[in-house]
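Undergrad: Quick one: structure below, then a few questions.
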Amino acid sequence: MQELKSKAKEWIEKLRKTTQMFLDLPHDIKLPNSWGKRELAIHFLGWDEVMIGYAKDIKAGKPFIWDEFFQGDIDETNKRFLDEHKNLTQEETVDKFKKVRSKILDIYKEILDNYFQDDKRLLDYYAMWGHDVHHLKQAGINTQEIEN
């Protein structure tokens with residue numbers, strides 16, 4: 001179990017790094033899909049909120065299983081996230097992202113310290129840093145140090 005906990009701790013730190021890399025992006029960044037920093041912040045915070053929703057089950061001892069994680073249409077879900085935040089400015093969106101990201105980081109640490117399961121599937125719950133890396137690469141950011 002210690003090996004899994006060490007990996008989860010490492011992934012929490014990777015998420016802290018990708019969070020800062022996102023915050024350091026220029027305000028006028030454009031991704032290939034035409035998203036800017038505002039849309040990317042909405043995307044990240046939306047998926048972070050989904051993961052926060054799983055925390056209760058994990059604290060109750062339920063394993064995290066990717067196949068059970070999300071059953072909907074990803075494009076529709078991303079559109080819903082954007083629609084839900086359409087009235088927020090970029091600054092308001094980034095501020096909300098910071099709060100939600102801080103919350104998921106706190107939850108990750110709480111689960112690591114108090115509810116960690118000796119189940120390799122739980123590590124997937126800590127994989128949000130990989131999602132960040134995917135989009136940071138789209139923004140032209142070198143993420144090699146995090147991926148190693």
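Undergrad: If a residue must be in a helix (DSSP H, G or I) and either exposed (fewer than 12 other Cβ atoms within 10 Å of the Cβ) or touching a strand residue (DSSP E or B) at 6+ places or on another chain (Cβ under 7 Å) (or both), how many such residues does segment 72-83 contain? Step through it out loud before you land on a result.
TA: The initial filter retains those residues of segment 72-83 that are in a helix (DSSP H, G or I), namely 74-83.
Imposing the further condition that a residue be either exposed (fewer than 12 other Cβ atoms within 10 Å of the Cβ) or touching a strand residue (DSSP E or B) at 6+ places or on another chain (Cβ under 7 Å) (or both) reduces the set to 74-76, 79, 83.
Final tally of qualifying residues: 5.
Undergrad: If we only count helices (runs of 4 or more DSSP H) wholly inside segment 2-71, which ones have 1 or more residues that are farther than 25 Å from Tyr115 by Cα?
TA: Values: elements: 2-23, 37-59, 66-69.
Because the criterion is at least 1 residues that are farther than 25 Å from Tyr115 by Cα, the helices (runs of 4 or more DSSP H) in segment 2-71 that meet it are 2-23, 37-59.
Undergrad: Continuing with this model, one more query. With respect to Lys37, is the statement that it is among the charged types (D, E, K, R), touching a Leu at 6+ places or on another chain (Cβ under 9 Å), within 25 Å of Tyr108 (Cα to Cα) and surrounded by fewer than 16 Cβ atoms within 10 Å (Cβ to Cβ) true?
TA: Numbers: among the charged types (D, E, K, R): yes; touching a Leu at 6+ places or on another chain (Cβ under 9 Å): yes; within 25 Å of Tyr108 (Cα to Cα): yes; surrounded by fewer than 16 Cβ atoms within 10 Å (Cβ to Cβ): no.
So Lys37 does not fit the description; no.
Undergrad: Could you count how many residues in segment 84-99 are more than 12 Å from the chain's Cα centre (by Cα) and either small (Gly, Ala, Ser) or part of a helix (DSSP H, G or I) (or both)?
TA: Taking segment 84-99 and keeping what is more than 12 Å from the chain's Cα centre (by Cα), we get 84-96, 99.
Those left that are additionally either small (Gly, Ala, Ser) or part of a helix (DSSP H, G or I) (or both): 84, 90-96, 99.
Qualifying residue count, segment 84-99: 9.
Undergrad: Provide a single number: the residues in segment 60-106 that are modelled with pLDDT of 90 or more, of a type in the set (Val, Ile, Thr) and over 21 Å from Asn33 (Cβ atoms).
TA: 2
Undergrad: Hey, another quick one. Check Trp47, Trp11 and return the single one that is out of contact with any Ser or Thr (no Cβ under 9 Å at 6 or more places or on another chain), aromatic (Phe, Trp, Tyr) and surrounded by 18 or more Cβ atoms within 10 Å (Cβ to Cβ). Even if it seems obvious, please write down each step before you answer.
TA: On the way: Trp47 fails: out of contact with any Ser or Thr (no Cβ under 9 Å at 6 or more places or on another chain).
Unique residue meeting the criteria: Trp11.
The values are calculated or read from the model by the stated rules, or taken from the named source; none is laboratory data. Quick caveat: nothing in here was measured; it's all calculated off a predicted structure. Here the Cβ is made from the backbone with ideal geometry for all residues, glycine too, and neighbour counts use every protein chain on show.
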